[in-house]
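Note sheet for the following structure.
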């Protein structure tokens, strides 16, 4: 019976990059009430009361604060939703996005 030998072939695996993540940033303003900022953070970003307070105070003291990090489409949707909630109530509260380092 003849012997068969198998030669291992090379298998190339495609290199899959993780999608780039984006930070949602809360920008401070001097007009939006703190309670409303906390309400938006809890409603849109699902932060608990303590987390929302820390984010709000940090943004107030430093001028801006990273709220959360998401894939690009989620970050843009949440930033837009939060900004639109503020506009609907007549507040200039603003959320922006930028790529994570």
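Every number in this text was worked out from the coordinates using simple rules, so none of it is lab data. None of the values given here were measured: they were computed from a predicted structure. Virtual Cβ from ideal backbone geometry, glycine too; neighbours counted across all protein chains shown.
Numbers at a glance
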read-out	value
Residue of 77, 12, 58 that the Gaussian network model of the chain assigns the largest fluctuation, springs spanning Cα pairs under 10 Å	12
Residue exposure sequence - 32, 5 - by fewest surrounding Cβ within 10 Å	5, 32
Identified option (computed volume of the Cα convex hull per residue in Å³; candidates [x] 149; [y] 96; [z] 86)	[x]
Residue exposure sequence - 36, 45 - by fewest surrounding Cβ within 10 Å	36, 45
Ranked 91, 22, 31, criterion: other C-beta atoms within 10 Å, fewest first	31, 91, 22
Principal-axis tilt of helix 72-88 within the chain, Cα atoms, nearest 10 degrees	10
